[in-house]
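Right, one structure below, let's go through it.
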Amino acid sequence: MKVTSTSCICPVLVCLCFVQRCYGTAHHSSIKVTRNQTKHIEGETEVHHRPKRGWVWNQFFVLEEHMGPDPQYVGKLHSNSDKGDGSVKYILTGEGAGTIFIIDDTTGDIHSTKSLDREQKTHYVLHAQAIDRRTNKPLEPESEFIIKVQDINDNAPKFTDGPYIVTVPEMSDMGTSVLQVTATDADDPTYGNSARVVYSILQGQPYFSVDPKTGVIRTALHNMDREAREHYSVVIQAKDMAGQVGGLSGSTTVNITLTDVNDNPPRFPQKHYQLYVPESAQVGSAVGKIKANDADTGSNADMTYSITNGDGIGIFSISTDKDTREGILSLKKPLNYEKKKSYTLNIEGANTHLDFRFSHLGPFKDATMLKIIVGDVDEPPLFSMPSYIMDVYENAKIGTIVGTVLAQDPDSANSLVRYFINHNAEEDRVFNIDANTGTIKTSKVLDREETPWYNITVTASENDNPDLLSHVSVGIRVLDVNDNPPELAREYDIVVCENSKPGQVIHTIAATDKDDFANGPRFRFFLDEHLPMNPNFTLKDNEDNTASILTRRRRFSRTMQDVYYLPIMISDGGIPSLSSSSTLTIRVCACERDGRVRTCHAEAFLSSAGLSTGALIAILLCVVILLAIVVLFITLRRSKKEPLIISEEDVRENVVTYDDEGGGEEDTEAFDITALRNPSAAEEFKYRRDIRPEVKLNPRHQTLSTLESIDVQEFIKQKLAEADLDPSVPPYDSLQTYAYEGQRSEAGSISSLDSATTQSDQDYHYLGDWGPEFKKLAELYGEMETERTN
């Protein structure tokens, strides 16, 4: 340290005195600080001196937790310049100066006014200076010193992480580490033994021990068994002052749980069990449970059950419930009390997770014997088969036998069984069953194409106990017969191009058949042999259930004919074979060179000729006008004709068209054609056509003239000659009808053509006298007469 002075001043000596209560002596520790020069104060000239000692420091100490009534003495500052006359003033600054630490500015004594805690602050940094009281000028530069708070044992050790919860496997070796605990002491570890901690066990012996230095807890016994005791509470103490008397201590609790290992084999509580199972138990159902006890827990107690021996090994099976660790006994096959009344099973339970460290404690399995008693119950009828499949041909007559089902009473009583079919309310009853024999018959005619398969349920019940029912499924397959002819697969739109060549395939057709494959394909296509050969098209059977349409000639014209029809025949491959006829419609169309259809409409020709739409309309109007003129001309010409009257000598009847409909055979008002039906009558009666004749008819007394002498051929020739030479007939053709009804009829003719009267003038009562052959006719005309009268 460099100290300067304006005059020859002796170096200031500061004595640091520390009084320690506990030892009663002062420790003096000095630090030599030298100076090589001083400064003149107030601008005086500088004088160089030999370096001498200036401040001599002792480190100050103050005890923490001072509880006395007076301030605690810390130390003393003193300068050699101080002559004891009070001219030197001591000043203290820094941490706690004036509040915690105070100084007597005359004597330099430093005191602590408050109780200090080293754990809160370990030391304080302060600054000291000696000045002239009169001039307030420093006698020495300001220097820094430290006051350390000296520790006392005022903090007990603490376990910051306690209480502890820890596990250790059971059956562990002695000395197995369980946990290391650590206690902390807030006191100064560098001073004394205040922070030196040792560990000890207060509770938990003789099962566990603790290392006094490290705090490691270890097992103290061999083979600690979880099944004997699972939980332990261990209390650990930590004491400072190296465990000496007067040291402070703290404790914590360590909860230790022994975890399970597989050191216990399973055990059945009994060596023999008995189980009752009724013979009506369903296959696959659980019929009983069995359990072996295992003192272990978790996966160490898992086990599987198995049947190792016994006469029921093929009848029963056993499985393991993983949640309850029980063995579930199930039925594999049906029981029958009448055949076997009891079974014996040897059942074994074994652990699934083995720990080979404890294999010497095994074997880890156990066995027991189970006797099963089969109980007798009244069972429902038993069908001979679990399900039935039967066949029947379609179109079979009602009452055709389809098949028979059979059920028997499995009990020793062997009661009679009755059968019936379960029908839904809305279901058609297609089949019925004989209640006594189980024979199934048809009750309707079947159609395979409508329903190819039927599923019915047959129920059987005992006569003695109708509540016991058994059901069986019966599938009935309807077999096909060839009852549907083949037909075209679809409607074909066939087009032939105008530029087609002979033998060109224009279309391929296919057929379909509702019958089964055996009665359908193979199809045969051919043309009807009874029709003349088609000059335009032909049919070629491709022998693959298709046929090709081929042209017979070259070129077609839409202007000549735009549609052709080709009748074809198709037969199937059934026995006997069925065939059908169809007609193909072939349209003539204009095509491109590559065969693509351009158009199939006739107006395309007119357009190709260069006619516009207006020209086409004009042509159509001209045609309509011409047709109207022709119709008008014909109408006017017919209106000018005179009534046609046949001369008395002309017995012909001319058929003249007036474009109006007549009344048929019953219309006798227009013409009298009796003469045309009977040659003899024509000679005998000649009437005018415009005058209605009066003829009285009485079929009972009227007789026909004998015509044996008349040659009908000569008569017709005669009438033909008369017609050719008659100048009064119209100039156009007329139709004249001559007919001869024959002779030797006792009843005579009943045709209305022989009558010149209307229905209202005729009496039909005579029909009743003609015999039983005309009874129905008499009744019909009698009803008509009654209606007219009414």
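Over 30 Å between C-alpha atoms is what I'm after, so list which of 76/121; 271/322; 333/365; 291/341; 76/158; 89/114 land there.
Violating the 30 Å limit, Cα to Cα: 76/158.
Over the range 456-555, what per residue volume does the convex hull of the Cα atoms give, in whole Å³?
137
Just from the alpha-carbon atoms, what are the Rg and Dmax of the range 360-431 in angstroms?
Final numbers for Rg and Dmax: 24.1, 83 Å.
What does the charge add up to near residue 76, with Lys and Arg as +1, Asp and Glu as -1, over the other residues with Cβ less than 13 Å from its Cβ?
With Lys, Arg at +1 and Asp, Glu at -1, the net is -4.
Can you give me the Cα centroid spacing of the range 299-343 and the range 487-565 in angstrom?
74
Summing +1 for each Lys or Arg and -1 for each Asp or Glu, what net charge is found among the other residues whose Cβ lies under 11 Å from the Cβ of residue 586?
My count for the surroundings of residue 586 gives -1.
Taken together, the values in this text are just the output of simple stated rules run on the coordinates, not laboratory data. None of the values given here were measured: they were computed from a predicted structure. Neighbour counts are summed over all protein chains in view; Cβ atoms, including those assigned to glycine, are modelled from backbone coordinates with ideal geometry.
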